[in-house]
1. For segment 392-403, which positions are touching a residue at least 40 places away in the same chain (Cβ under 8 Å) and either surrounded by 15 or more Cβ atoms within 10 Å (Cβ to Cβ) or not assigned by TED's automatic domain parsing to the domain that holds ALA349 (or both)?
2. Checking ASP114 against (1) modelled with pLDDT of 95 or more; (2) under 24 Å from TYR166 (Cβ atoms), which test does it fail?
3. Can you confirm whether LYS192 is farther than 30 Å from TYR292 by Cα and either touching a residue at least 24 places away in the same chain (Cβ under 8 Å) or of a type in the set (Lys, Arg) (or both)?
4. If the requirement is being exposed (fewer than 13 other Cβ atoms within 10 Å of the Cβ), part of a helix (DSSP H, G or I) and within 19 Å of the chain's Cα centre (by Cα), which of these qualifies: ARG258, ARG251?
5. Go through segment 72-127 and count every residue that is of a type in the set (Lys, Arg) and out of contact with any strand residue (DSSP E or B) (no Cβ under 8 Å at 6 or more places or on another chain).
6. Among all residue pairs at least 6 apart or on different chains, which show Cβ distances below 6 Å where the first residue, located in segment 69-89, is farther than 30 Å from PRO173 by Cβ and the second is crowded, with 16+ Cβ neighbours inside 10 Å?
7. At pLDDT 90 or above and surrounded by 14 or more Cβ atoms within 10 Å (Cβ to Cβ), is that true of VAL330?
8. Take the conditions in contact with a strand residue (DSSP E or B) (Cβ under 7 Å, 6 or more places away or on another chain) and of a type in the set (Gly, Ala, Ser) and apply them to ALA412. Does it pass?
Amino acid sequence: MELFDAEKYRGKRVCVALSGGVDSVCLLHAFKERVAACDISLSAVHIEHGIRGEESIRDMRFCQTLCDKWGIPLKTVRADVPDLVREGGGSAEEVARGVRYSTFRALLEEGGADLVATAHHMDDVAETVLFRLARGTGLAGMKAIEEYGGIVRPLLSCTRAEIEAYADEKNLPHVEDSTNGDENYTRNYIRKTALPAFEKIHGNAAKHLAEFAALAAEEDAFLQTLAESKILRVSGEERVPADLPDVLFRRACLSLVRDADADYTRATVEEIARLRTAQSGKKKVLCGGARYAVREGKYIVFCRGKEAVSEETAFVPAESVYTSPAPFVVRETALPVGGKGALFVDLDAFPAGCVVRARREGDMITPYHAPRKTLKKFLTDRKIPARLSKELPVIAKGSEVYAVVGVEISDAVKVSERTERRGIIQ
């Protein structure tokens, strides 16, 4: 019997993760049998975690003896997982997994192999699905055991029974991890008790759970792609339509939150979702203030936080360049030529003592050919969000604003028949 089709690995340098257990021994043997036919360069790697004392050393020696007998190069990595747990915390199981996968990544990155093959099989997928369902998860958690980044799982279509039958047929030696029988470990309990109970209910339970995981992964990928396609990206900001269906809205926001906040939780996304019914301007700070989400009209906008600019610069009504709060230039011009947001002014109409600064509470403006009003109301009428208006440079004297750069000028500095020096601000 064949456990998998080795043809898909033709011409590759494959390194098998060998623990010495029946699954990994069968995987290594199955590759060994197809090395010549598929032009595969085969090696193995064993990680000794320093957890089970002499038994762990026994497993390491068994792997070395087996690889010597089969003529397969073996790389052995030793780690002191208990010591790593004492230093950094976490469970021994989590830390040991981290050691394994960092070893796999190093092998791939350093060119030791094209692929690292692990012996995960269909029952492992089923057990993972049950574990995650019991703990609480969504479709993304049903991806269970994936292939990614050069790590492959050739046995995912095989059951544990089929692997054990292969070992019997080929008379393959292996070692047993004594902790595998300890049902105090959640995974062992699922393997020994929960999954067999499901198999009693339906003989193909493991197969159906694995099929569900594959279908869930496919649907999750589709929904994620659809959700991300709804994100509008404008001038370095991301906008999520507030009226998206919940399933797409939360996925789109989660995608942006992951980029912004390493310490996000499910509650973070729920708080952002509540902005959909909040008034415009309401926001949720992310990542210690470096970014935030804010309700603006029909969107939830993800912005990068900026510190308020408090300094001011003397305004010179002549050729000049300003950098704060945002860059702009002033120059004299005889022709009405300018780009988007260009403002034409009478340079001599600005009173002495004008400065360039950010807007302030109490600012007033008499817009071009319009009644006098507060700058706040003017900007609101123009539908300019408060977060953006804080970054707009204004030219003012005291609380009287003569220009909002890129937006409007005061009627007091408009170009008229008496203008001698025509200027442009942009």
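1. The answer is LEU392, PRO393, ILE395, ALA396, VAL401, TYR402, ALA403.
2. Single failed check for ASP114: (2).
3. Numbers: farther than 30 Å from TYR292 by Cα: yes; either touching a residue at least 24 places away in the same chain (Cβ under 8 Å) or of a type in the set (Lys, Arg) (or both): yes.
Yes: the conditions hold for LYS192.
4. Details: ARG251 fails: exposed (fewer than 13 other Cβ atoms within 10 Å of the Cβ).
The unique qualifying residue is ARG258.
5. So the first thing to find is which residues in segment 72-127 are of a type in the set (Lys, Arg), and the list is 75, 78, 86, 97, 100, 105.
Now restrict to residues that are out of contact with any strand residue (DSSP E or B) (no Cβ under 8 Å at 6 or more places or on another chain): 86, 97, 105.
Total satisfying the criteria: 3.
6. Every condition considered, the pairs that remain are LEU84/VAL95; VAL85/VAL95.
7. On the way: at pLDDT 90 or above: yes; surrounded by 14 or more Cβ atoms within 10 Å (Cβ to Cβ): yes.
Yes, satisfied.
8. Values: in contact with a strand residue (DSSP E or B) (Cβ under 7 Å, 6 or more places away or on another chain): yes; of a type in the set (Gly, Ala, Ser): yes.
Answer is yes for this residue.
The values are calculated or read from the model by the stated rules, or taken from the named source; none is laboratory data. No experiment lies behind these values; they were computed from the predicted model shown. For neighbour counting, all protein chains shown are included, and Cβ atoms are generated from backbone atoms with ideal geometry for every residue, glycine included.
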